[in-house]
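Read the structure below first, then the notes.
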Amino acid sequence: MIKFENQQFHLSNKFFSYVMDIAKEKHLMHRYWGKPIKFFHDSIPLQKIDRGFSGQLATFPNERTFSLDVLPQEYPVQGHTDFRIPAYRVELENGTNISELNYKAYKILDSKPALKNLPASFGESQTLEIELEDLNKNFAVKLYYTVFEDSPVLIRSAKFINISDKAIKIRHASSASIDFNDNDFDIINLYGGHAAERTIQRHKLQRGIFEISSARGASSHQQSPFVALVRPETTEFTGEVYAASFIYSGSFAIKVEAEQFGTTRLVVGLNPETFSWKLEPGEDFQTPEVALNFSAEGLNGLSQGFHNFFQKHLIRSKFKNDVRPILINNWEATYFDFDENKLLALADCAKDLGLELLVLDDGWFGKRNDDNSSLGDWFLNTKKIPHGLQFLVDEVHKRGLKFGIWVEPEMTNEDSELFRAHPDWILHAPNYKTSFGRHQLILDFSRAEVVDYITDAMRKVFSSAPIDYVKVDMNRHMTEAFSPTLPADRQFETQHRYMLGLYGMWEKLTAEFPNILFENCSGGGGRFDAGFLYYMPQTWTSDNSDAVCRLSIQAGTGLAFPIVTQGAHVSVTPNHQVGRMTTFQMRNFVAYAGTYGFELDITKFTDTEKSEVRDYVKLYKEIRSTIQFGKFTRLLTAAYEGNEYAWQFEDDNRLIVMYFKILQKAAAPVRILKLAGLDANKNYTLKKYLPPKKLSVDGGKQIVNFEEKTFGGDELMNAGIAIEKIDTDFAAYLWVFEK
Ligand code: DGJ
């Protein structure tokens with residue numbers, strides 16, 4: 001998979017080739033990334049052109065056709081002849097930022113190195129380490145490239161080593177930089193806000209620099225640490241896509257520069273606005289990893305590549321290949337207003353409906369009855385739960401359900417015992433009042449004693465009763481992100497040190513509690529990133545539980561992340577976030593497309609609704625393995641003026657298709673849905689068909705007339721299936737085929 005011949009590195013598998021070479025025995029050049037090729041014989045030689053205002057290094061003063069400003073590089077620097085966005089910036093002791101990284105050596109490693117306190121991909125692979133050394137021997141950089149036989153994903157990262165006898169400061173450290181020979185791209189990024197995460201945006205790459213970033217101390221709801229560069233003609237099914245998903249949960253920056261000579265540079269790394277790192281002699285600094293993914297089969301090919309990779313090579317939880325329990329979470333059912341009796345009433349009802357896990361959300365600890373107090377006081381509120389957690393868990397277990405609990409370990413409130421005892425334990429800057437978010441203050445996880453204290457507090461909660469599941473929340477972004485324990489010249493290390501502290505805690509706790517299923521959450525999907533997936537195999541996708549909003553949120557999330565990682569719950573109407581009334585069927589089927597659960601007061605269901613829920617739950621149990629682990633394909637995304645979505649899930653035995661139409665329109669065309677990626681020579685027998693409910697329902701049972709019928713894969717793909725016209729808004733259809 002990794003070869004070095006004639007000064008050329010060729011990384012390849014059946015999905016891609018990635019080629020670099022060494023120019024003038026020194027400069028590591030990027031030569032090719034794309035569909036696999038057997039050899040790269042320099043069919044597109046380096047363009048040696050004398051370009052005005054593109055200068056030469058002092059080592060080749062007269063070679064006017066060799067300028068770093070023009071040539072495609074692997075890890076470019078600013079400060080001398082390249083004026084494009086740099087991959088790194090190191091400030092030397094004398095205050096300058098000039099360096100020249102020259103090729104020194106390489107190694108091929110047959111086992112993938114783990115990273116200390118950082119998430120890291122794993123599994124059978126080969127890793128290339130290329131060592132570059134600064135001309136003046138101030139520092140060295142090792143670039144890492146890991147190739148997996150079974151995946152289109154290439155993993156990259158970089159390590160800085162101070163080889164001088166003076167301190168240096170890293171002002172910018174990217175995990176990867178890639179130069180493309182042209183700029184004929186559209187950019188896709190996933191933007192949003194709280195309760196509106198990961199909206200797909202596609203626009204033409206224009207000359208200039210486009211930045212996707214977060215300075216919030218979290219990967220954020222606002223911009224996902226993801227980008228795709230796609231050819232203008234690329235669709236869901238065809239065309240080239242080059243994408244990056246940063247394996248990190250803190251502030252980041254992804255920059256794309258379409259520069260003067262029509263080439264493009266992509267740089268992915270820590271956000272230089274919120275980062276710097278002082279390296280003493282002999283010390284090193286490791287960047288997080290980035291997952292680079294090439295697809296020649298459009299956006300669905302890209303998503304499938306990421307889904308398989310994250311499932312196989314990033315998520316560590318022992319639950320990663322298990323179907324997930326159908327849960328009832330009490331948050332939107334009760335908010336803070338619950339007690340033991342209410343929880344047990346929910347558990348009774350959940351059992352009756354066939355649900356499998358009761359999750360006790362925020363408000364069970366300290367004296368927390370609203371969001372003003374008690375974060376950090378991780379002991380039970382015995383007014384609400386008088387018989388203790390062990391009793392509650394036992395009662396839930398007796399009903400045949402699993403038990404889950406909510407925590408928000410990184411936070412405290414002014415009104416808490418923790419804050420009163422340790423007012424200096426929060427992120428803050430001297431002589432500047434600390435800002436609030438949801439009345440919360442952020443604990444300074446860059447400090448070892450804070451991390452140790454909270455790790456221990458969590459340990460006590462997790463071992464206080466036989467807890468099966470934990471939802472880990474984080475409900476504000478970093479302000480005054482500084483730490484009084486660090487010297488002035490290290491203050492900009494705080495955010496990254498915080499992330500290392502946080503990852504370190506989860507490294508320990510997930511290892512100590514392997515039987516707990518952890519769900520990541522940050523006000524919904526504010527830290528839905530590949531970094532957290534390493535520790536936790538699922539994430540609450542969004543605080544927005546409205547089925548219509550969820551169509552776009554889940555479509556965007558699915559671009560990068562597997563279906564089984566996306567928490568999706570049925571909630572009440574009118575919906576609590578947007579006030580919308582949607583059909584019960586749509587709410588159920590949208591929530592099917594993830595780790596299905598309920599987030600409303602199920603004790604208030606009418607008998608008819610209960611009977612419907614039992615049917616939906618029963619059906620989901622039959623088909624969930626296909627939905628959660630099958631190959632996922634987007635058939636329609638915001639089609640027909642944003643009105644229609646269709647999703648397909650397929651495994652060896654079964655094919656599931658869902659179609660959603662938000663509003664009915666008069667004179668709308670009949671939608672023909674062409675299925676995709678099936679085996680043309682296999683037969684698919686339609687076993688179940690659930691169209692939107694007609695007005696006549698009988699005791700919650702759907703009246704559906706359909707014939708069990710067999711179709712060829714070729715017919716389903718090439719002719720397609722026609723959607724029956726049923727006049728209702730918020731229409732949701734589902735087909736189950738067996739192969
Ligand atoms: C934000 C989460 O996303 C919600 O699901 C809920 O857990 C609340 N926090 C609780 O405060």
ASP322 is checked against (1) without any contact (Cβ under 8 Å) to a residue 40 or more places away in the chain; (2) touching a helix residue (DSSP H, G or I) at 6+ places or on another chain (Cβ under 6 Å); (3) of a type in the set (D, E, K, R) and fails just one. What number does that condition carry?
(2)
Quick check on this structure: which one of ILE516, ILE454, ILE553 is on the phi < 0 side of the Ramachandran plot, buried (at least 23 other Cβ atoms within 10 Å of the Cβ) and more than 16 Å from the ligand (Cβ to nearest atom)?
ILE454
Take the residues of region 336-370 that are within 16 Å of the ligand (Cβ to nearest atom) and part of a helix (DSSP H, G or I): which is nearest to ILE602 (Cα to Cα)?
LEU346
When the residues of region 420-451 are filtered to those that are hydrophobic (A, V, I, L, M, F, W, C) and assigned to a helix (DSSP H, G or I), which remaining residue is farthest from ARG216 (Cα to Cα)?
ALA421
With the condition kept exactly as written, say whether any residue in region 664-679 is assigned to a helix (DSSP H, G or I) and touching a residue at least 24 places away in the same chain (Cβ under 8 Å).
no
Any chance you could count how many residues in region 125-161 are of a type outside the set (S, T, N, Q) and touching a helix residue (DSSP H, G or I) at 6+ places or on another chain (Cβ under 9 Å)?
5
Selection count where residues are over 29 Å from the mean Cα position of the chain (by Cα) and either under 16 Å from TYR469 (Cα atoms) or among the aliphatic types (A, V, I, L, M) (or both), scope region 328-380
8
Quick check on region 315-335: of everything there that is of a type outside the set (D, E, K, R) and more than 16 Å from the ligand (Cβ to nearest atom), which residue is nearest to TYR596 (Cα to Cα)?
ILE326
Tally of residues being of a type in the set (A, V, I, L, M, F, W, C) and over 26 Å from ASP82 (Cα atoms) across region 12-37:
3
From the list ILE49, ILE2, which residue is β-branched (Val, Ile, Thr), more than 24 Å from ARG231 (Cα to Cα) and exposed (fewer than 14 other Cβ atoms within 10 Å of the Cβ)?
ILE49
Which ones in region 219-270 are part of a loop (DSSP other than H, G, I, E, B), buried (at least 24 other Cβ atoms within 10 Å of the Cβ) and hydroxyl-bearing (Ser, Thr, Tyr)?
SER219, SER220, SER224, THR234, TYR248, SER249, SER251
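Each row is one residue, and each column tells you yes or no for (1) of a type in the set (A, V, I, L, M); (2) closer than 29 Å to ILE553 by Cβ.
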| position | (1), (2) |
| --- | --- |
| TYR453 | no, no |
| HIS477 | no, yes |
| LEU500 | yes, no |
| ASP529 | no, yes |
From the list THR637, THR685, which one is modelled with pLDDT of 95 or more, touching a Lys or Arg at 6+ places or on another chain (Cβ under 9 Å) and either closer than 29 Å to ASN308 by Cα or among the basic types (Lys, Arg) (or both)?
THR685
Does region 382-393 contain at least one residue that is within 15 Å of the ligand (Cβ to nearest atom) and not in a loop (DSSP other than H, G, I, E, B)?
no
Would you check which residues across region 317-335 are under 21 Å from GLU408 (Cβ atoms) and assigned to a loop (DSSP other than H, G, I, E, B) and list them?
SER317, ASN330, TYR335
Do we find a residue being under 19 Å from VAL359 (Cα atoms) and within 16 Å of the ligand (Cβ to nearest atom) anywhere in region 608-629?
no
Identify all residues within region 523-538 that are within 10 Å of the ligand (Cβ to nearest atom) and either among the hydrophobic types (A, V, I, L, M, F, W, C) or touching a Phe, Trp or Tyr at 6+ places or on another chain (Cβ under 8 Å) (or both); write none if there are none.
GLY524, GLY525
Name the single residue that is farthest from GLN260 (Cα to Cα) among those in region 158-204 being part of a loop (DSSP other than H, G, I, E, B) and under 24 Å from the mean Cα position of the chain (by Cα).
ALA195
Segments classed as strands (runs of 3 or more DSSP E), wholly inside region 1-105, with at least 2 members that are in contact with an Asp or Glu (Cβ under 8 Å, 6 or more places away or on another chain)
8-12, 27-34
Only listed residue being closer than 21 Å to PHE226 by Cα and buried (at least 24 other Cβ atoms within 10 Å of the Cβ), chosen from ASP529, ASP543:
ASP529
Name the single residue, out of those in region 643-671 being surrounded by 15 or more Cβ atoms within 10 Å (Cβ to Cβ) and of a type in the set (Asp, Glu), that is farthest from GLN304 (Cα to Cα).
GLU644
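The values are calculated or read from the model by the stated rules, or taken from the named source; none is laboratory data. None of the values given here were measured: they were computed from a predicted structure. A quick note on method: Cβ atoms are made from the backbone with ideal geometry, for glycine too, and the neighbour counts reach across all protein chains shown.
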